[in-house]
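Here's the structure, in structure tokens; my notes come after.
The values are calculated or read from the model by the stated rules, or taken from the named source; none is laboratory data. If you're wondering where the values come from, they're calculated on a predicted model, not measured in any experiment. In this analysis, Cβ positions are derived from the backbone assuming ideal geometry, glycine residues included, and neighbour counts consider all displayed protein chains. What goes into the accessible areas is simple: the full protein's heavy atoms, side chains included, and nothing from ligands, DNA or RNA. Shrake-Rupley method; radii C 1.70, N 1.55, O 1.52, S 1.80 Å.
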Amino acid sequence: MSQSTMPAEHPVDLEPSLIAPNLYSSRRASLRLDVAAICSVVIVLLYCIPAPLIVPQMTFAGRPALLLSLCLFAWWFIARLSPSLLLVGRQPLRWVALFYLMSILLSYIAGLVRGLPTLEANRQDFTLLMTFEFLGLMLMAADGIPNWGRLRTVLKVLVCSAAFMAFLGILQSIFAYDVTQWLVVPGLELKGTLTDFQARGEGGRFRVASTTVHSIEFSAVLAMVMPYAIHFARFARSKAARRFYSLLTFVIAGAVPMAISRTGILALGISMIIMFILAWNWRFRYNFLILAAGLTGVLVVGRPGLLGTLRSMFLWADADPSVDGRTEDYAHVAAWFSQRPWLGRGPGTLIPDLYMILDNQWLLTLVTGGIVGVVALAALHLTGLWLAVTGLRRSTSEEDRHLCAALVSTQILAILVALTFDSLGFTTFSFTLALLTGVCGAVWRLTHPTRTVRTSTVRRLLE
């Protein structure tokens, strides 16, 4: 490029790839081991390795994906302390993460003061470790993803990994065979057993969980990822790529009913309604409804009786023992809350084997973390929602607005499905939420009008 044709001034955060294609081709290739790459590895380990597989001699916090998230927390913390790596740009998610961590620590201390049996004390330690892993993935996604291109790469890996998990679930449902047993990785320890099929409805139908630990988690995770699959089916760069992601979208959508879960169907409905309202024009809405009707027809023909089972689950919910069990828990919750209303019993101390299964994350947080814990969890969700909405308002392109709308759907979905199961106790769901909450922070940063905020990211692991 001659001097006369060069722009007079380049902003510091301009990506060279925006000037001309293949601008980097003349440079020496280097290993691209940045935050986005590590987050992508976390996603693959989280979705493609069965959840019961852990590093030997560890608890469920020892899943490979979770241990890598703990390393991300250490990386983020070092970046905060090092003068050469200091993150100078603003990031609201850091403050709410600190508030959330402090609520866990205060509840932890309250549990120690109360006096805990060995099992509850161990569970407190486990929950604290899980919190650091959760925050590590969230904060590094928020502060470390450097640009829109790398952010989209992470989300593409998320969609592909979810489609792989969905495909395994479909195989389980069709052949009544647990294909995840072929994914046992040498060197990892099987904690308990791989998830068994659970009978649901009549006609020998059963629920599947793929690589997760429960069918509710399986369906909720797929419903959460669905808007991002649709995003790339619409906005991928090439026609072949759009067709590829369209296929993945159908696989993910088709696998949700296989779990035979009310939570999954509700979650899918919530995410699609939000996208329908916020992100789609009328032409795409009509196309979506036609394709949804076509997928419904495929399920009717391919899995006879499945939709009838799902319909009866909603029509006869008042006669479902699982629904009755949830409502009967309220009296126990009131008793525990009255004893320790502010900081709760201690994080993770309501152990199902000792007490009860509380299928409501908000009530579980109220019991174990008290009012402070509920406020901190709500602040985490609402901050992620506010960051995504702010990114939506700032975005100028339809593609970016669609992506921000998908992030909005994630937070609303997470808030509502937490009423139906203890969502943070399921690591595939909770760490997907951590990643996407961090992406809300990244979108807020990348759409910020101040360059110092946009470009303030941690450096690559290897230069």
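Listed values, structure above:
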{"read-out": "Calculated FRET value between residue 240 and residue 397, using beta carbons and R₀ = 35 Å, to 0.05", "value": "0.95"}
{"read-out": "Accessible area of residue 330 in the full protein assembly, 1.4 Å probe (Å², nearest 10)", "value": "120"}
{"read-out": "Accessible surface ranking that places the most exposed of 249, 118 first, with a 1.4 angstrom probe", "value": "118, 249"}
{"read-out": "Bins of 10 Å from zero: percent of alpha-carbon pairs in the stretch 250-309", "value": "20, 51, 26, 3"}
{"read-out": "At R0 = 25 Å, FRET efficiency that the Cβ-Cβ distance of residue 332 and residue 273 yields, to 0.05", "value": "0.15"}
{"read-out": "Space enclosed by the convex hull of the alpha-carbon atoms of the chain, per residue, Å³", "value": "165"}
{"read-out": "Å² of accessible area per residue within the stretch 150-239, as computed with a 1.4 Å probe and no ligands counted", "value": "40"}
{"read-out": "For the stretch 140-213 and the stretch 417-436, distance of Cα centres in Å", "value": "14"}
{"read-out": "Where 70, 98, 53 fall by accessible area, highest first, once all protein chains stay in place (1.4 Å)", "value": "98, 70, 53"}
{"read-out": "Listed residues 399, 133 arranged by accessible area, highest first, probe 1.4 Å", "value": "399, 133"}
{"read-out": "Surface/4 of the Cα convex hull for the stretch 327-439, nm²", "value": "7.4"}
{"read-out": "Per residue solvent-accessible surface (Å²) - the stretch 364-442, probe of 1.4 Å", "value": "26"}
{"read-out": "Exposure of residue 351 as accessible area (Å², to 10), given a probe of 1.4 Å and all protein chains", "value": "20"}
{"read-out": "Over the stretch 119-221: Kirkwood hydrodynamic radius from C-alpha pairwise inverse distances, Å", "value": "16.6"}
{"read-out": "Where the stretch 41-107 is the region considered: accessible area per residue in Å², 1.4 Å probe", "value": "43"}
{"read-out": "Segment residue 182-residue 78, length gained on full extension (0.36 nm per residue, minus Cα span)", "value": "33.6 nm"}
{"read-out": "Average projected area [Cα convex hull, the stretch 172-284], square nanometres", "value": "9.5"}
{"read-out": "In Å², nearest 10: area of residue 96 left accessible to a 1.4 Å probe", "value": "10"}
{"read-out": "Sorted peptide list for 150-159, 253-262, 285-294, criterion being average Cβ within 10 angstrom, highest first", "value": "253-262, 150-159, 285-294"}
{"read-out": "Mean separation of Cα contacts under 8 Å, 6 or more apart, over the residue count of the stretch 346-459: relative contact order %", "value": "29"}
{"read-out": "Estimated distance in nm for a label pair at residue 118 and residue 289, the labels positioned 7 Å out from Cα along Cα-to-Cβ", "value": "6.2"}
{"read-out": "FRET efficiency, 1/(1 + (r/R0)^6) with R0 51 Å, evaluated for residue 298 and residue 101 via beta carbons", "value": "0.65"}
{"read-out": "Taking the chain and dividing mean pair separation by its residue count, relative contact order in percent (alpha carbons under 8 Å, at least six apart)", "value": "25"}
{"read-out": "Accessible carbon and sulfur surface of the chain relative to its total accessible area, %, 1.4 Å", "value": "66"}
{"read-out": "Prolate/oblate/rounded label for the stretch 413-463 (Cα gyration tensor, a/c 1.5)", "value": "oblate"}
{"read-out": "Residue 314 paired with residue 189, simple spin-label distance in nm, labels 7 Å along Cα-to-beta-carbon", "value": "4.4"}
